[in-house]
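Following: one structure in structure tokens, then a few remarks.
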Amino acid sequence: GQNIDQPTEMTATEGAIVQINCTYQTSGFNGLFWYQQHAGEAPTFLSYNVLDGLEEKGRFSSFLSRSKGYSYLLLKELQMKDSASYLCAVVTDYKLSFGAGTTVTVRA
Amino acid sequence: SAVISQKPSRDICQRGTSLTIQCQVDSQVTMMFWYRQQPGQSLTLIATANQGSEATYESGFVIDKFPISRPNLTFSTLTVSNMSPEDSSIYLCSTPVQGVAGAPTDTQYFGPGTRLTVL
């Protein structure tokens, strides 16, 4: 079975940093994705980690530790437009298993 | 990356009826998937749409309820049959990005989704 856990909600101030953690226990693992989803819209791809370590892409960074079954998404210099749901997903044989998503609210 | 479109973008349907959702990709892709996102929840894989053969369904989803067609490498349809209010969801198709020599990579992009409301 697939078990992917992430916090339900997080709130942060504009300009601050927020770290969204994701832990997983899955029957297979070919990599881990982070997607951003604004209300009423489809998920958009943010990052993909297959090897241990940190991947940095502008204001967003994602980290993976396969031995610990752990990943995080780091959002820096938060902007109001970053208010969204962030989905952690594990891919196995091209199939995605999603966590429940973390709703991030950015306050002025 | 492939551009994925879906039709309709949204619909309101009466219980007991059926709706067919179309997914079009602007390039040939080997794999296409259908996901469902119920209100307030995350995405769940319904099935893999296989070109030239029957779709492969995940646990909890059956062909009679969600028949899928994949007539070619750029197009697929998902039908939600005999709908009930519990079928009210966003339905999304996705496809892996094609890599070297057309082999699928792990990175997947989603279509814009079809928002279905069943009354």
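The values are calculated or read from the model by the stated rules, or taken from the named source; none is laboratory data. Keep in mind that what you see is a predicted model, and the values were worked out from it rather than measured. We place every Cβ from the backbone using ideal geometry, glycine too, and count neighbours over all the protein chains shown. Protein only, heavy atoms only, side chains kept; ligands, DNA and RNA dropped before computing areas. Shrake-Rupley method; radii C 1.70, N 1.55, O 1.52, S 1.80 Å.
Where a Cα-Cα gap under 18 Å defines reach, which lysines qualify for A:LYS81, not counting those fewer than 8 residues away within the same chain?
A:LYS57
Out of the DSSP beta bridges found with both residues in chain B, what percent are antiparallel (nearest 5)?
The antiparallel fraction comes to roughly 90 percent.
Quick one: longest stretch of chain A between exposed loop GluC sites (Glu not before Pro), exposed meaning at most 14 other C-beta atoms within 10 Å and loop per DSSP?
A:42-76
Once both labels are modelled 7 Å past Cα along the beta-carbon direction, what's the B:ASP26-B:ASN72 spacing in nm?
With each label placed 7 Å out from Cα toward Cβ, I get 1.7 nm.
FRET efficiency for A:ASP93 and B:ARG115, Cβ-Cβ distance as r, R0 = 35 Å, nearest 0.05?
0.80
Select from the range A:18-62 all residues whose loss of accessible area on going from the chain by itself to the full protein assembly reaches 30 Å² or more (probe 1.4 Å).
Listed by number, the residues meeting the 30 Å² cut-off are A:PHE33, A:TYR35, A:GLN37, A:GLY40, A:ALA42, A:PRO43, A:PHE45, A:TYR48.
Accessible area per residue, 1.4 Å probe, Å², for chain B: what's the number?
Accessible area per residue: 47 Å².
May I ask you to derive the relative contact order of chain A, considering only C-alpha pairs under 8 Å and at least 6 residues apart, and to give it as an integer percent?
Relative contact order for chain A comes out at 37 percent.
Could you work out what % of the accessible surface of chain B is carbon and sulfur, using a 1.4 angstrom probe and leaving DNA, RNA and ligands out of the count?
C and S fraction of accessible area: 51 percent.
When the solvent-accessible surface of protein heavy atoms is calculated with a 1.4 angstrom probe, in what order do A:ASP82, A:ASP5, B:ASP64 fall, highest first? Mind dumping the intermediate values first?
Details: A:ASP82 5, A:ASP5 80, B:ASP64 130 Å².
Sorted descending by solvent-accessible area, the residues read B:ASP64, A:ASP5, A:ASP82.
Using alpha carbons only, how many angstrom separate the centre of the range A:34-50 from the centre of the range B:1-64?
18 Å
Compute all pairwise cysteine Cβ distances in chain B, then list the cysteines with no distance under 4.7 Å to another cysteine.
Unpaired cysteines in chain B: B:CYS13.
Estimate the FRET efficiency between B:SER53 and B:GLU86 by the formula 1/(1 + (r/R0)^6), using the beta-carbon distance for r and 45 Å for R0, to the nearest 0.05.
It comes out at approximately 0.95.
For the full complex of protein chains and a 1.4 angstrom probe, list B:SER18, B:SER84 by accessible area with the highest value first.
B:SER18, B:SER84
How do B:LYS7, B:LYS65, A:LYS68 stack up against each other in accessible area, from largest to smallest, with a 1.4 angstrom probe? Walk me through the numbers before you get to the answer.
Working: B:LYS7 135, B:LYS65 50, A:LYS68 160 Å².
Reading off the accessible areas and sorting them downward yields A:LYS68, B:LYS7, B:LYS65.
Among A:ASN21, A:GLY58, A:ALA42, whose Cα projects farthest towards the positive end of the dipole of the range A:16-108, with charges put on the beta-carbon of Lys, Arg (+1) and Asp, Glu (-1)?
Positive-end residue among those listed: A:ASN21.
With a 1.4 Å probe and all protein chains kept in place, how much accessible area does A:LEU54 have, in Å² rounded to the nearest 10?
90 Å²
Using a 1.4 Å probe on protein heavy atoms, which residues of the range A:67-106 have at least 40 Å² less accessible area in the complex than alone?
Output list: A:TYR94, A:LYS95, A:LEU96, A:PHE98.
For the pair B and A, how large is the buried accessible area, both sides, in square angstrom to the nearest 100, if the probe is 1.4 Å?
Buried area (both sides, nearest 100 Å²): 1600 Å².
Enumerate the residues in the range A:40-61 having an amide nitrogen under 19 Å from the point lying 7 Å beyond the Cα of A:MET80 toward its Cβ.
A:40
B:SER69 accessible area, nearest 10 Å², 1.4 Å probe?
50 Å²
In nm, to one decimal, how far is the B:SER18 label point from the B:THR105 one, both placed 7 Å along Cα→Cβ?
The modelled label-to-label distance comes out at 3.8 nm.
Which whole-number value in Å² is the accessible area per residue of chain A, probe 1.4 Å?
With the other protein chains kept in place, chain A gives 48 Å² per residue.
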